Amino acid sequence: MATLGHCINISHLLNTQQATFFAQTIGCANVIRNQKILDFKDDLKNNNTSSQGYAHVKKREGLDFLKDVPVQILRNAAASVFNDLISFQKNLRQFPKIKNKSRKRSAIFTKELFNLIENNNKTVLTIFNSKNKNRRAVFSITLPHSIENLGKQFRISRQGKNFYLSYAFNNQIDLIDNNQLLKDLSHLDENELLEKSIGVDRGVNITAYCSNGDTFQYNIETKKRLKEKMNKKAYYQRILSRKKRLNKNTSKKCESNNQRKLQEKISKIDKDIKNIRYNACHHWSKSIVKITPLVVIFENLKINNMTKRAKPKKDDNGRKYIRNNANAKSGLNRAILNVNMGMLGNFTKYKLNLEGKAYYDTHPAYTSKTHYVCKGKNTIRPTQDTLICLDCNKKENADYNASRVIQLNGINDIKEEKFSTKKPRKKISIRKKKVEILSVEGESTLRKKSPCLDVRE
């Protein structure tokens, strides 16, 4: 069964009291999260054992207001950030970051704080202010799913002045086994696989170029909207930076009301930009799934590595820093992030599974330099969209050629069944070995300082 997420904007459904309650609850949950992150940092530096307890946080000076919210909210916040820490210890994610008021924050409501009543294949969700003492209903909403398909927790999020209700549900659709479908296709010859597959080349100018000739990118109106939003954001950021400089802020926090108002405007623009990108990715991924016969082949791109900052360069003597084209690299990073290459791949993958189709990630090496006809790598790029093969003297569209190379590489991998022999991530395997060694020595895994900590401090 496929587990999906659902998000509802409930801002227009809340009165003043309900909005105040949710704002207070989310704020207190975020305080617990931030305080626990600071504790985790100290524990990792001092090689102390970390726990998900939160009672000591409530006793700290200036945090008496935490007693005004249900203890279940604080418990859930502490447990959530503790799970993030464990994932960091296993090198599955970065160290959890502190969230300020300008970022999206949330509070988790578990079964003690809500009630579900089924009504005509729909569910009425009622959220309460406490478990037992002075229990009263705070908010109620009808959800378009039956009780048996809903998850065990609900999340109320806030970004700016908007509130959202999100939860997981089961859509009662059996997902295919991706590897099994690829295995069923492996016995077909190359021509049959060419008919049943498409290759997708992701880029900056053209977001997705398919091997059948279809292209997907921002239209003129969307590009104009994005440019206006980003220019407006940069304008407010300059004003905010100048105010902080003149006020001599000692921290990154907004220390005046005018600064907070500007930060709210920036957050709202960030939300608008995010919605534009999400909407475009959903349309593109839906279209790709629609034109796909049976399998889509992507490049296995490492977006995090592609968008790293330029490293400082020193002269031959190692004394002075020289130009490293950092501005150009930053512009390229922004362009890559603006088209959401990774999001497009993720959206396409889960939609393919829902439609009973498969996906495969092939190795991206030399896909932009190899000619798909003669398989030669002796090519030149006189322009960004042109590729000329010097071996066979043929001229091709660079993006179309790359999509065909991706398709052919993926077909070869499918025929050789390389999808079933993929090696696990190196970092994870190394971490597992370290965990085994520590368990033999009788020490807790959380007492071991992560090898990535020194880099990220």
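A few remarks follow.
- In the stretch 168-192, the residues that are of a type in the set (Gly, Ala, Ser) form Cβ pairs under 6 Å with partners that are in a helix (DSSP H, G or I), at six or more places apart or across chains, as follows: SER186/ILE414; SER186/LYS415.
- Members of the stretch 152-167 found to be in contact (Cβ under 8 Å) with a residue 60 or more places away in the chain and of a type outside the set (Ser, Thr, Tyr), listed by number: GLN153, ILE156, ARG158, GLN159, GLY160, LYS161, ASN162, PHE163, LEU165
- Search result, residues across the stretch 203-225 that are of a type in the set (A, V, I, L, M, F, W, C) and in contact with a Lys or Arg (Cβ under 9 Å, 6 or more places away or on another chain): ALA208
- All of THR307, THR348 fail the test of being under 30 Å from LYS196 (Cα atoms) and modelled with pLDDT of 85 or more, apart from THR348.
Yes/no per residue for (1) surrounded by 13 or more Cβ atoms within 10 Å (Cβ to Cβ); (2) in a helix (DSSP H, G or I); (3) of a type in the set (S, T, N, Q); (4) touching a Phe, Trp or Tyr at 6+ places or on another chain (Cβ under 7 Å):
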residue: PHE163; (1), (2), (3), (4): yes, no, no, yes
residue: ILE176; (1), (2), (3), (4): yes, no, no, no
residue: LEU182; (1), (2), (3), (4): yes, yes, no, yes
residue: LEU193; (1), (2), (3), (4): yes, yes, no, no
residue: ILE206; (1), (2), (3), (4): yes, no, no, no
residue: GLU221; (1), (2), (3), (4): no, yes, no, no
residue: LEU240; (1), (2), (3), (4): yes, yes, no, no
residue: LEU246; (1), (2), (3), (4): no, yes, no, no
residue: GLN259; (1), (2), (3), (4): yes, yes, yes, no
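- Residue within the stretch 230-241 that is over 30 Å from ILE336 (Cα atoms) and outside the structural domain of ILE10 (by TED's automatic domain parsing) present: no
- The stretch 298-315 residues that are surrounded by 10 or more Cβ atoms within 10 Å (Cβ to Cβ), paired with ones that are among the small types (Gly, Ala, Ser) (beta carbon under 7 Å, 6 or more apart): PHE298/GLY345; ILE303/GLY342; ALA310/ALA326
- Within the stretch 61-86, the set of residues being more than 14 Å from ILE26 (Cα to Cα), of a type in the set (Gly, Ala, Ser) and at pLDDT 90 or above comprises ALA79 only.
- Residues that are of a type in the set (Phe, Trp, Tyr) and free of Cβ contacts under 8 Å to residues at least 60 places away in the same chain were ranked within the stretch 89-133; the one that is nearest to ALA168 (Cα to Cα) is PHE109.
- Enumeration of residues in the stretch 153-170 that are out of contact with any Asp or Glu (no Cβ under 9 Å at 6 or more places or on another chain), at pLDDT below 90 and farther than 30 Å from LYS265 by Cβ: PHE169
- Restricted to strands (runs of 3 or more DSSP E) entirely inside the stretch 27-136, those with at least 1 residues that are over 30 Å from the mean Cα position of the chain (by Cα), hydrophobic (A, V, I, L, M, F, W, C) and under 27 Å from LEU150 (Cβ atoms) are 114-119, 122-128.
The values are calculated or read from the model by the stated rules, or taken from the named source; none is laboratory data. Everything numeric in this text was worked out from a predicted model, so none of it was measured. Heads up, the Cβs are rebuilt from the backbone with ideal geometry, glycines too, and the neighbour counts pull from every protein chain shown.
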